[in-house]
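Chemist: Attaching a single structure in structure tokens format; questions to follow.
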Amino acid sequence: MIAAFVLKRRLRRELARRLKAEEALALQARTDSLTGLPNRRHFDETLAREWRRAQRARAPLGLMMIDGDHFKSYNDRFGHQAGDELLCALADCIAANTQRATDFAARYGGEAFVVLLTGADAPEAEKLDERICRAVAAMTDGPSGALLAPVTVSVGVAHIVPDARAVYQDLLGAADRALFDAKQGGRNRVIAAPPPPALGKPRLVA
């Protein structure tokens, strides 16, 4: 009787240990190893889920694409370790300024980051854009205390209220084009995408 009780307790502990290990591995697979932010895979999953939710609720969904200006030149001048320091500092800065519980910041790839804004209207997004740009301009120290050279970011932002005529790639494309315009316009600026045009007949949503 006692032996059976001890065996059951050991089995429960082993099951709990395995579940905890599996959860840790799942989290690791969805986290960017350098910056600690959610990675592209995690962002894609979250965007698809929030798109469906916003579509059902007819609620606005916003997306910011943030790109470090002249990052290659920074890397070439100061070295890859300094470049990694800069990416970590940018990630910390973005995470610290996305304060709503529904904001989702992630590393998109390279020196690019994204912030998904669930339920935020254009004025709210504009305030966040400005806050992040000011915070980046004020950065002086990296996570390990290394001094950072002056750095700026370019930002493209887009908003859409999802319906049956739209797919989430419309939001990604609009934010990406706005980011391109910010880069082409001289960098160190925020460009908002124009409201989406009529999208024609309904399309299947991914």
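The values are calculated or read from the model by the stated rules, or taken from the named source; none is laboratory data. Model, not experiment: these values are computed from the prediction. Glycine gets a Cβ as well: all are built from the backbone with ideal geometry, and neighbour counts include every protein chain shown.
Chemist: Restricting to the range 159-173, and then to whatever is free of Cβ contacts under 8 Å to residues at least 60 places away in the same chain and within 17 Å of VAL115 (Cα to Cα), can you tell me which residue is surrounded by the most Cβ atoms within 10 Å (Cβ to Cβ)?
Modeler: Selected residue: ASP170.
Chemist: Would you check which residues across the range 96-127 are over 21 Å from GLY36 (Cα atoms) and either among the acidic types (Asp, Glu) or not in a loop (DSSP other than H, G, I, E, B) (or both) and list them? Explain how you work it out, then say what you get.
Modeler: Pass one, the range 96-127, residues over 21 Å from GLY36 (Cα atoms): 118-127.
Correct list: THR118, ASP121, ALA122, PRO123, GLU124, ALA125, GLU126, LYS127.
Chemist: Please go through (1) among the aliphatic types (A, V, I, L, M); (2) in a helix (DSSP H, G or I); (3) surrounded by fewer than 22 Cβ atoms within 10 Å (Cβ to Cβ) for LEU179 and return the number of the only condition it doesn't satisfy.
Modeler: (3)
Chemist: Please state which of the following conditions ARG134 fails to meet, knowing it meets all the rest: (1) surrounded by 16 or more Cβ atoms within 10 Å (Cβ to Cβ); (2) in a helix (DSSP H, G or I).
Modeler: The number of the failed condition is (1).
Chemist: Moving on to the next point. Quick one: count up the residues across the range 47-83 that are assigned to a helix (DSSP H, G or I) and either surrounded by fewer than 17 Cβ atoms within 10 Å (Cβ to Cβ) or of a type in the set (A, V, I, L, M) (or both). Don't jump to the end; show me each part of the working.
Modeler: Applying the first criterion (assigned to a helix (DSSP H, G or I)) to the range 47-83 yields 47-57, 71-78, 80-83.
Still in the list and also either surrounded by fewer than 17 Cβ atoms within 10 Å (Cβ to Cβ) or of a type in the set (A, V, I, L, M) (or both): 47-49, 52-54, 56-57, 72-73, 76-78, 80-82.
Counting residues in the range 47-83 that are assigned to a helix (DSSP H, G or I) and either surrounded by fewer than 17 Cβ atoms within 10 Å (Cβ to Cβ) or of a type in the set (A, V, I, L, M) (or both) gives 16.
Chemist: Same structure, new question: Is it the case that the range 129-141 has a residue that's in contact (Cβ under 8 Å) with a residue 12 or more places away in the chain and touching a strand residue (DSSP E or B) at 6+ places or on another chain (Cβ under 6 Å)? Walk me through how you get there before you give the answer.
Modeler: Kept after step one, since they are in contact (Cβ under 8 Å) with a residue 12 or more places away in the chain, are these residues of the range 129-141: 129-133, 135-137, 139, 141.
Add one more test, that the residue is touching a strand residue (DSSP E or B) at 6+ places or on another chain (Cβ under 6 Å), and what stays is 129, 136.
Yes: the range 129-141 contains one or more residues that are in contact (Cβ under 8 Å) with a residue 12 or more places away in the chain and touching a strand residue (DSSP E or B) at 6+ places or on another chain (Cβ under 6 Å).
Chemist: Kindly evaluate THR98 against the criterion of being of a type in the set (S, T, N, Q), closer than 28 Å to ASP181 by Cα, surrounded by 18 or more Cβ atoms within 10 Å (Cβ to Cβ) and at pLDDT below 95. So that I can check it myself, show each step before the final result.
Modeler: Values: of a type in the set (S, T, N, Q): yes; closer than 28 Å to ASP181 by Cα: yes; surrounded by 18 or more Cβ atoms within 10 Å (Cβ to Cβ): yes; at pLDDT below 95: yes.
So THR98 passes the test.
Chemist: Same structure again: Looking at the range 60-82, I want the residues that are farther than 20 Å from SER154 by Cα and in contact (Cβ under 8 Å) with a residue 24 or more places away in the chain and have a partner that is of a type outside the set (A, V, I, L, M) and assigned to a strand (DSSP E or B) with Cβ atoms under 8 Å, at least 6 apart or on another chain. Which pairs are those?
Modeler: What qualifies is PRO60/HIS159; LEU61/THR118; LEU61/HIS159.
Matching residues to (1) closer than 17 Å to MET65 by Cβ; (2) at pLDDT 90 or above; (3) of a type in the set (A, V, I, L, M):
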| position | (1), (2), (3) |
| --- | --- |
| PRO123 | no, no, no |
| LEU148 | no, no, yes |
| ASP170 | yes, yes, no |
| LEU179 | yes, yes, yes |
| ARG187 | yes, yes, no |
| PRO194 | yes, no, no |
| VAL205 | no, no, yes |
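Chemist: Between residues in the range 98-113 that are in contact (Cβ under 8 Å) with a residue 12 or more places away in the chain and residues that are buried (at least 19 other Cβ atoms within 10 Å of the Cβ) and of a type in the set (D, E, K, R), which pairs lie under 8 Å by C-beta distance while being six or more apart or on different chains?
Modeler: PHE104/GLU50; ALA106/ASP32; ARG107/ASP32; GLU111/ASP67; ALA112/ASP67; PHE113/ASP67; PHE113/ARG107
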